[in-house]
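Below you'll find the structure, written out as structure tokens, and then a few comments.
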Amino acid sequence: MLLSVENLTVRIGKVEPLSGLSFTLDRGEILGLVGESGSGKSLTAMAVTGLLPLIGGRISAGSVVFDGTDLAALPEARLRPYRGKRIALVTQNPMTALDPVQRVGDQVDIMARLHLGMDAKAARARTVDLLNRLRIPESRTVCDAYPHQLSGGMKQRIVIAMALAAEPDLIVADEPTTALDVTVQAQIIHILGELVRERGLALMLITHDMGVVAQVCDRVAVLYAGRLAETREAGPLFARPRHPYTRALIDCIPREGMAPGSLTGIPGLVPSVAQYPAGCRFHPRCLHADAACQQVPEARPQADGGSVSCHHPMEADHG
Amino acid sequence: MAEPLIRAEALEKRFQTGGGLLKKPRAMLAVRGVSLSVERGEVAGVVGESGCGKSTLARLILRLIEPTSGRIHFDGQDLTALSNTDLRRQRRRMAMVFQDPYSSLDPRFTVAEVLAEPFRVQREAPPAGRIAALLDQVGLSAKMADSFPHQLSGGQRQRVGIARALAQAPDFIVLDEPTASLDVSIQAQIIALLSELRQRLGLTYLFISHDLGLVRYFCDRVVVMYLGAVVEVLPRADAAPRHPYTRTLMDSTFAPDPRQRKVLRALEGEIPSAFDLPKGCAFAVRCPRASDACRAARPVLEGGEHPVACFHPF
Ligand SMILES: Nc1ncnc2c1ncn2[C@@H]1O[C@H](COP(=O)(O)OP(=O)(O)OP(=O)(O)O)[C@@H](O)[C@H]1O
Ligand code: SF4
Ligand code: SF4
Ligand SMILES: [Mg+2]
């Protein structure tokens, strides 16, 4: 297993926004991490990529074992060789990753020069190769452009090229296509999927879009208010969601032939960290909540793999 | 057939940019010859990607901006020919809900003040109890009247935006991406609220979105726009698309079901700039069906019940 996260717990000051997450991710696999805004997806990405100190956070319990090494136990200096080199992060806004006054080709080149020790010529050849691979037309000309001369979809492809240039084993992509038009999103999702299969990369794809998850992910981890609700293979998860929250999220997406009025949403809101309810954190919004739900539900392993954290998991077939 | 509530004819909007010290002025047609109608009581959808002119079209229809050419008829009256007084009178029958509930509410105003604003514009005071009734209509408690926008969640703010649109009991509301910045869970709540309001108050909507799946769920008829022009009008939300662009949009919309994974085709070519449209079909560089004819001339929207602007439709 390339990445194995056990009981990951994160503290920022007095609050504990993430509590006891466990999941795994192997080479050649795409894990989708989903949940509403504020459920803790980005913090999970920061914990895995070692960026929590940037926001004054830390891993307070649990482990993040990457290729045999527990990153949570490493001091900052020893984390550095992993970050950017073996573990790359792609974020939602490409402008946070791109330098506005540097030509984009140089920005991609530098990754291979820095992390793989390539000379300028070899690095450029690789950059052009990568841009072609990402179906950027006229890749040599694009190398000479500045970020502001490129469309949003093109900029995001450059950021993905930068992530790929260092030949990482794991890419953590936090909402990489959310800001893009749907036709461009579809292209980028498709390309990411191909790269994972061809190069044996591992991809942790963070998104709030259940459609994107169903399209490309092999496995899914559903996050709610800083805890894992359910994690399973995509097929059974969508066909027979066991956690009421998973089911509710899927039912928020309009589908072909859905009867008018059947889209009702999830009542209420994701609580803020300071107001996480006791017991099952979903209980104030859950249609199946009862007295038992005042206790925190354990993660129960399932016969078809994965686990579900609910006192009353659903069995019935869905859709 | 009765006159539709809204009938837009050959609307065009040209924008100039630049013209400063260093930049040559450039002109672009944000909306190119758009004709469409909205029947009473229906939800008409407009779908397209960023920059296709959806929001400009919305503002033209409400005459919040002046068209470069073309006409808009509202309930049989030509809005482009009305005097300011008459326009103000008609305008209270129309309203708009904006995409971003964060920036469309003035942060210094309380919710009650936001809801009183449309009356102030008409130089009136809100009738007694009207603010509380509006809040109730959108599922907010009367206690919220004294809150400021920053104290509300995104979904609550959008409910205030809807209440503001309802303030003067309009017949027609333009909904410009009202759920685009919300979580799907909240989006679904807002869509449910909008359908309920429509039924209860007999409203007519023009619903603008980039999300074809959502539009097909919520709308009776769907107008598809690409780079400023209408390329297809789906007569029913579930009609099979005939235009290659609408097909591409469909293929890019993923169902929450791994058994229905889409087989994606690589789209060659970049979206052309609205400042520099090709002389033929604007979709030709990305279109799998493009022929020489498509690059030589622009297809026009035609075809009765289910019009499409394409030389080789499905
Ligand atoms: N620096 C911080 N200090 C305190 N709390 C924080 C901080 N960053 C995030 N949080 C809180 O932690 C929780 C999870 O946040 P996170 O940003 O990981 O959510 P997310 O799932 O990525 O949401 P979105 O979909 O909006 O990106 C939220 O309640 C958030 O307000
Ligand atoms: S534990 Fe109870 S409240 Fe939580 S999801 Fe399950 S049924 Fe709902
Ligand atoms: S006119 Fe030609 S290029 Fe344009 S959409 Fe139709 S087939 Fe494609
Ligand atoms: Mg996030």
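The values are calculated or read from the model by the stated rules, or taken from the named source; none is laboratory data. All figures in this text were calculated on a predicted structure; none of them were measured in a lab. Neighbour counts are summed over all protein chains in view; Cβ atoms, including those assigned to glycine, are modelled from backbone coordinates with ideal geometry.
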Point to revise | Of the criteria (1) under 15 Å from the mean Cα position of the chain (by Cα); (2) within 16 Å of ligand 2 (Cβ to nearest atom), which one A:Gly20 fails | key: (1)
Check your understanding: Got a sec? Which of A:Gln149, A:Gln92 is touching a strand residue (DSSP E or B) at 6+ places or on another chain (Cβ under 9 Å) and not assigned by TED's automatic domain parsing to the domain that holds A:Ser19?
Key -> A:Gln92
Check your understanding: Is it true that B:Gln168 is of a type outside the set (Ser, Thr, Tyr) and either within 9 Å of another protein chain (Cβ to nearest Cβ) or under 25 Å from B:Pro235 (Cα atoms) (or both)?
Key -> no
Review point. Condition test on A:Leu237, is it over 15 Å from the mean Cα position of the chain (by Cα), more than 16 Å from ligand 1 (Cβ to nearest atom) and closer than 30 Å to A:Val296 by Cα?
Key: yes
Check your understanding: Can you tell me which residue in segment B:129-178 is surrounded by the most Cβ atoms within 10 Å (Cβ to Cβ), limited to those that are in a helix (DSSP H, G or I) and of a type in the set (Asp, Glu)?
Key -> B:Asp136
Exercise for review: Scan segment A:140-172 for residues that are in a helix (DSSP H, G or I) and of a type in the set (Val, Ile, Thr) and jot them down.
Suggested key: A:Thr141, A:Val142, A:Ile158, A:Val159, A:Ile160
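Per-residue answers, yes or no, for (1) more than 8 Å from ligand 1 (Cβ to nearest atom); (2) surrounded by fewer than 17 Cβ atoms within 10 Å (Cβ to Cβ); (3) basic (Lys, Arg); (4) more than 14 Å from every other protein chain (Cβ to nearest Cβ):
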| position | (1), (2), (3), (4) |
| --- | --- |
| A:Asp26 | yes, yes, no, yes |
| A:Leu33 | yes, no, no, yes |
| A:Ser39 | no, no, no, no |
| A:Ala47 | yes, no, no, yes |
| A:Arg58 | yes, yes, yes, yes |
| A:Ala61 | yes, yes, no, yes |
| A:Asp67 | yes, yes, no, yes |
Practice item. Mind listing just one residue for me: the one in segment A:231-288 that is in contact with a strand residue (DSSP E or B) (Cβ under 6 Å, 6 or more places away or on another chain) and within 15 Å of A:Ala221 (Cα to Cα) and, of those, nearest to ligand 3 (Cβ to nearest atom)? Key: A:Ala234
Practice item. Determine whether A:Pro176 is under 16 Å from the mean Cα position of the chain (by Cα) and either away from ligand 2 (no atom under 16 Å from the Cβ) or surrounded by 20 or more Cβ atoms within 10 Å (Cβ to Cβ) (or both). Key: yes
Check your understanding: In segment B:34-51, how many residues are closer than 19 Å to B:Ser69 by Cα and either surrounded by 17 or more Cβ atoms within 10 Å (Cβ to Cβ) or without any contact (Cβ under 8 Å) to a residue 60 or more places away in the chain (or both)?
Key -> 3
**Study point:** From B:Leu214, B:Leu227, B:Leu203, residue being within 17 Å of the chain's Cα centre (by Cα) and either under 17 Å from B:Leu57 (Cα atoms) or not hydrophobic (A, V, I, L, M, F, W, C) (or both)
**Key:** B:Leu227
